[in-house]
Every structure is written in C-alpha cells, then in structure tokens.
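A short worksheet on the structure shown next.
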Amino acid sequence: MPLNIPNVLTLIRILLVPVLVVVLALEAQGGSLIAAAVFALAALTDGLDGWIARSRHAVTTFGKVMDPIADKLLVVAALLALVGRHRLDAWVAMVVIAREFAVSALRVAAGQQGVVIPASVLGKAKTIVQVVAVTALIAVHDPHVLPVQVLVWAMVATTVVSGVDYFVNFRRRLELRAADDARRH
C-alpha cells in the first residue's frame, strides 16, 4: 500500500468510524455535537482524499478499493447508531444501506464485463444530501423537527433516484456495447 495523503485520509476515515459509534453511544453532555463533528470531519476526508488523489495523480489500487469501503462503513455505522438511538426509522436506514450495497454490487458486476461505472452527478448529490442529513440527525436534539425531516426525505429521494440512475445507465452502457460489438461483426 503506497502511503500517500489520500490513502492516509481514507485510513483516518476508517479509524473515525468506531470513534463515531462510541461517541454516539455515550449520552454525555455535548456528545451529539462531538459526534456530529466527528462524522462531518470523516465525511470531509472523503471529498478531500479523492480531490487530492486526482489532482496529484496519486490514485492507487488501495484507494480505489478502500475509499468506497470506508465511505460505506461510515454511513452504515452512523445510520445504525441513529436507529439504535431512535433518531432514525429503521426503514430509512435500510433503504440507504440497500442502495449502497446494490450499487457496489453493480459496479463489481459491470467491472467483470469490462464496463466502468463512474460516479454520477446524482450519486454525488446523494452523498452531499446524505452527509447533511446524517449530520443534522446526529447534532439536533429532536430529530423529528421539520427541517431535519425534510433532510431525511431528501436523503431517501436522492438515494432512490441515484440508485435507479446507476442501474439505468449500466443497462444503457451494456446496450451500447452490444450494438458496437454487433457493428464490428
């Protein structure tokens, strides 16, 4: 594993996951704000490591594999902790988690067929909405207030729409590839 800044940031994100879970589990004064700061910091490393890796041509196999795993660990841990604290309905967490794993599986399947599925604009929007919604759910004392619930519904909507978009685009790419193959023969 090449030890470069993006890979170190990915490792930091992974190491922040248990810190987040422990802080969320504690009911200490100010614990929610500390947990929100930990989550926001970890989420910030996600955008930062990718930007640094691309801008410095420091993309590595380790980063390609571990970055999405780190992202999913962070989000899944936060969602499950929020469900456990009764700050988020379990069905919302399951929609988000199911989408994350379905898109990951789709990327693996696509890769086996020689098709690359890059991050889409909707996927990036989903990530931003997810980070804002989860941070709000962690930080706000009453997660049932209207602004937080609007963020939760926006998270569900962008999660579903971006998931569908990945599958539709994958199908289009396969159809285009089949048409190209047919033209060549």
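Residues with beta-carbon under 13 Å from that of residue 180, excluding residue 180: net charge, scoring Lys, Arg +1 and Asp, Glu -1? Each step should come with its number before you reach the end.
Working: positive: 172, 173, 177, 183, 184; negative: 175, 181.
Charge balance in the 13 Å sphere: +3.
Going by a ≥ b ≥ c, the root eigenvalues of the Cα gyration tensor, does the stretch 1-126 fall in the rounded group (a/c under 1.5), the prolate group (a/b larger than b/c) or the oblate group?
Verdict is oblate for the stretch 1-126.
Give, in nm to one decimal, the length gained when the segment between residue 58 and residue 86 is fully stretched (0.36 nm per residue of separation minus the Cα-Cα distance).
Numbers: separation 28, 0.36 × 28 = 10.08 nm, distance 4.09 nm.
So the extension gain works out to 6.0 nm.
Take the alpha carbon atoms of the stretch 136-185, find their center, do the same for the stretch 30-55, and report the distance between the two centers in whole angstrom.
Cα centres, the stretch 136-185 to the stretch 30-55: 21 Å.
Quick check for you: with a 1.4 Å probe and neighbouring chains kept, what is the accessible area per residue of the stretch 1-121, in Å²? Before the final figure, lay out the partial values.
Values: 6500 Å² over 121 residues.
That works out to 54 Å² per residue.
Quick one: dipole size for the chain, taken about the Cα centre, charges +1 on Lys/Arg Cβ and -1 on Asp/Glu Cβ, in debye to the nearest 20.
On the way: 17 positive and 12 negative charges, 128 e Å.
For this selection, approximately 620 debye.
Heavy atoms only, probe 1.4 Å: what % of the accessible area of the chain goes to carbon and sulfur, would you let me know?
On the way: 7410 of 10420 Å².
Roughly 71 percent of what the probe reaches on the chain is carbon or sulfur.
With all protein chains present, calculate the accessible area of residue 86 using a 1.4 Å probe and round the result to the nearest 10 Å².
Here the residue's solvent-accessible area equals roughly 150 Å².
Stokes-Einstein diffusion coefficient for the stretch 68-122 at 10 °C in a medium of 1.306 mPa s, Rh from the Kirkwood formula over Cα pairs: what value in µm²/s? Could the numbers behind the result be given before it?
Details: Rh = 12.4 Å.
D, rounded to a whole number, is 128 µm²/s.
Let me understand the stretch 48-94 better: what is its radius of gyration from the alpha carbons, and its Dmax, in angstrom?
Reported Rg and Dmax, both Å: 14.9, 43.
With a ≥ b ≥ c taken as the square roots of the eigenvalues of the C-alpha gyration tensor of the stretch 128-172, please select rounded if a/c is under 1.5 and otherwise prolate if a/b is larger than b/c or oblate if it is not? List each step's numbers first, then the result.
Working: a/c = 5.39, a/b = 3.09, b/c = 1.74.
Prolate is the answer for the stretch 128-172, as a/c is 1.5 or above and a/b outweighs b/c.
Say the dipole of the stretch 1-120 comes from +1 at the beta carbon of Lys and Arg and -1 at that of Asp and Glu; which of 51, 21, 35 then lies farthest toward its positive end?
Farthest towards the positive pole: 51.
How large is log10 of I(q)/I(0) for the stretch 49-185 at q = 0.13, 0.15, 0.18, 0.19 Å⁻¹ when the intensity is taken from the Debye formula with one equal scatterer per alpha-carbon?
Log10 I(q)/I(0), no solvent term: -0.65, -0.81, -1.05, -1.13.
The values are calculated or read from the model by the stated rules, or taken from the named source; none is laboratory data. As the structure is a prediction and not an experimental result, all values here were calculated from the model. In this analysis, Cβ positions are derived from the backbone assuming ideal geometry, glycine residues included, and neighbour counts consider all displayed protein chains. Quick note on the areas: whole protein, heavy atoms, side chains included, nothing else; ligands and nucleic acids left out. Shrake-Rupley method; radii C 1.70, N 1.55, O 1.52, S 1.80 Å.
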